[in-house]
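Following: one structure in structure tokens, then a few remarks.
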Amino acid sequence: MKSKLSPRIWTAIILLAFSGQLAWGVENQYFNTFMYNNITPDPRPISWMVAASAVTATLTTILMGTLSDRTRSRWGRRRPFILFGYLAWAVFTALFPAAAFFRPVTLAIGMAILFDCIMTFFGSTANDAALNAYITDVTTLENRGRVMSVIEILTWVAVLIVYGGAGVIIDTFGYFTFFYIIGGLVFVLGLAGGLLVQEDPLLERPQGGYWRQIADSLRWKSLVAHRDFFLVLLGISLWSIAQNIFFPYLIIYLQHYLRFDTLTSSLTIAICILVGGIAMAYPLGVLIDRRGRKPVALLAVAAEMVGLILFSLTDRLIPLILTGILWLIPLTAWTIATGAWSKDLFPPDKRGQFAGYYLFFWVMLPMILGPLTGGWLGSAYGIQTVLDGQTAYIPTPLLFQVAGLATLLAAIPLFFVKERKA
């Protein structure tokens with residue numbers, strides 16, 4: 001396999017990765033907001049929807065990833081899942097607000113959760129399973145860090161667009177038009193990117209049955225054989241749990257503890273992302289390809305701890321931005337290094353399936369354990385006050401300090417992994 005990707009493959013990856021991150025960003029933020037503003041102001045259905053979506057994403061990635069591993073067609077192995085998945089993903093993103101038309105409210109809640117799960121099924125099939133496996137198929141140890149850095153840049157750009165521009169579109173045209181626009185973008189970009197996907201034909205037939213392939217990978221013998229992979233995943237999970245202790249409460253902290261207005265809070269986050277995420281991603285990707293995944297990941301753990309604690313100790317704008325950049329750079333480095341490292345360890349014949357295991361450790365477990373820990377710290381040690389006539393708890397710097405120390409745990413599994421060399 002060539003270490004240099006063709007312009008066609010680069011274009012396909014960029015179009016698909018960007019449109020996917022745009023769709024996930026909208027689902028993660030504005031599906032919840034739509035539910036709260038247009039169906040019910042009860043926050044409990046949002047938590048049900050988030051949990052159902054996380055479980056759906058993980059199971060879909062494992063099952064559909066395994067199916068893509070075993071597919072042998074004249075259209076390719078990953079391409080059919082990417083192309084059809086992106087188009088259906090776009091349609092159900094646009095259809096989501098239709099849930100508000102159902103009555104009574106309990107039925108509308110159920111339909112919103114159902115629509116989100118269907119959208120997540122197609123999104124995880126196309127993006128989490130097939131695209132992640134395809135990227136692993138076409139990259140090598142020599143260039144995987146660079147490719148992951150470009151995907152990281154696209155992720156941060158999508159975050160800026162979603163959080164910066166979505167509010168303006170919704171305020172001007174409403175939620176329905178907003179979801180139609182996002183669905184249309186994902187459809188067009190997904191169609192273009194899917195048609196550009198190139199794959200080498202695979203002639204050999206997969207060994208064994210579909211369910212046997214899944215069962216075999218979960219047996220102790222297989223776990224031992226892929227020990228390094230699961231140790232890296234354990235480190236990824238511990239890191240992500242630590243990040244989720246504070247990340248869901250970041251804007252609340254800026255607005256209510258530090259008393260920054262909405263514009264100042266948004267600009268602070270945007271500047272940190274521009275410098276620590278977008279500007280640093282590609283140089284970090286080059287460094288990771290040259291110096292290795294393990295040393296950069298371990299350095300990122302220590303730097304993240306320092307950055308978060310320094311961030312918690314300042315309350316002025318400029319030092320806050322500087323310390324925010326200090327913890328965003330290691331976050332970017334860690335994401336690229338461990339993303340490339342885990343893909344290095346995917347078994348060649350089970351890359352789609354193992355992308356599902358990656359999602360379990362990276363998304364599902366941390367999204368449950370991290371916010372619960374942060375919520376408990378906020379309520380137990382936060383500042384009690386009254387907002388809009390209701391008792392509220394304002395998170396304090398303790399969240400960032402605990403998260404910083406918890407981040408150190410992510411280094412422990414990595415010490416026992418020997419990195420593969422090109």
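Going from the residue with the fewest nearby Cβ atoms within 10 Å to the one with the most, 44, 291 rank 44, 291. Report note on the peptides 126-136, 51-61: ranked by the mean count of other C-beta atoms within 10 Å, highest first, their order is 126-136, 51-61.
A full extension of the chain between residue 28 and residue 223 corresponds to an added length of 67.0 nm, given 0.36 nm per residue minus the alpha carbon distance. Relative contact order, whole percent, for the stretch 279-422 stands at 32, derived from Cα pairs under 8 Å and 6 or more residues apart.
In summary, the lysines within cross-link reach of residue 418, defined as a Cα separation below 17 angstrom excluding same-chain residues under 8 places away, comprise 294, 343.
Electrostatic bookkeeping for residue 397 treats Lys and Arg as +1 and Asp and Glu as -1; over the other residues with beta carbon under 15 Å from its beta carbon, the sum is +1. Here's how it looks for residue 392: its modeled amide H is under 5 Å from those of 385, 386, 387, which are all 5 or more places away or on a different chain. Thinking of the chain as a set of Cα atoms, what percent of all their pairs are more than 37 Å apart? Taking all Cα-Cα pairs of the chain, the fraction more than 37 Å apart is 21 percent. Remark: the stretch 1-198 projects, on average over all directions, an area of 11.1 nm² (convex hull of Cα atoms).
For 137, 69, the sequence from fewest to most other C-beta atoms within 10 Å is 137, 69. The relative contact order of the chain comes to 26 percent, based on Cα pairs under 8 Å that sit 6 or more residues apart. Cβ-to-Cβ counts within 10 Å put 259, 316, 78 in ascending order as 316, 259, 78, the fewest first. Using the average count of surrounding beta-carbon atoms within 10 Å as a protection proxy, the listed peptides 355-367, 334-346, 263-275, 110-122 rank, highest first, as 334-346, 355-367, 110-122, 263-275. Give me the base-10 log of I(q)/I(0) for the stretch 221-422 at each q in 0.14 Å⁻¹, Debye formula, one uniform scatterer per Cα, rounded to two decimals. So the normalised log intensities work out to -0.83. Sequence-distant contacts, meaning Cα pairs under 8 Å at least 6 residues apart, place the relative contact order of the stretch 1-198 at 43 percent. Per residue of the chain, the DSSP helices (runs of n ≥ 4 H) give a summed -39500 (n - 2.57) that works out to -23500 deg cm²/dmol at 222 nm.
The alpha carbon gyration tensor of the stretch 136-180 gives principal lengths a ≥ b ≥ c with a/c of 1.5 or higher and a/b greater than b/c, which makes the shape prolate. Inter-part distance, the stretch 1-45 to the stretch 266-299, computed on C-alpha centroids, equals 21 Å. A simple spin-label model places pseudo-atoms 7 Å from Cα toward Cβ; at residue 37 and residue 107 they are separated by 2.6 nm. Please report the spacing between the Cα centers of the stretch 79-130 and the stretch 181-244 in Å, no decimals. Value for the Cα centre distance between the two parts: 20 Å. Listed by chain and number, the aspartates and glutamates placed with their C-alpha closer than 14 angstrom to that of residue 4 are 137, 142, 289; residues fewer than eight positions away on the same chain are left out.
Each value in this text was obtained by applying a stated rule to the coordinates, not by laboratory testing. Model, not experiment: these values are computed from the prediction. Positions of Cβ are backbone-derived with ideal geometry, glycine not excepted, and every protein chain shown enters the neighbour counts.
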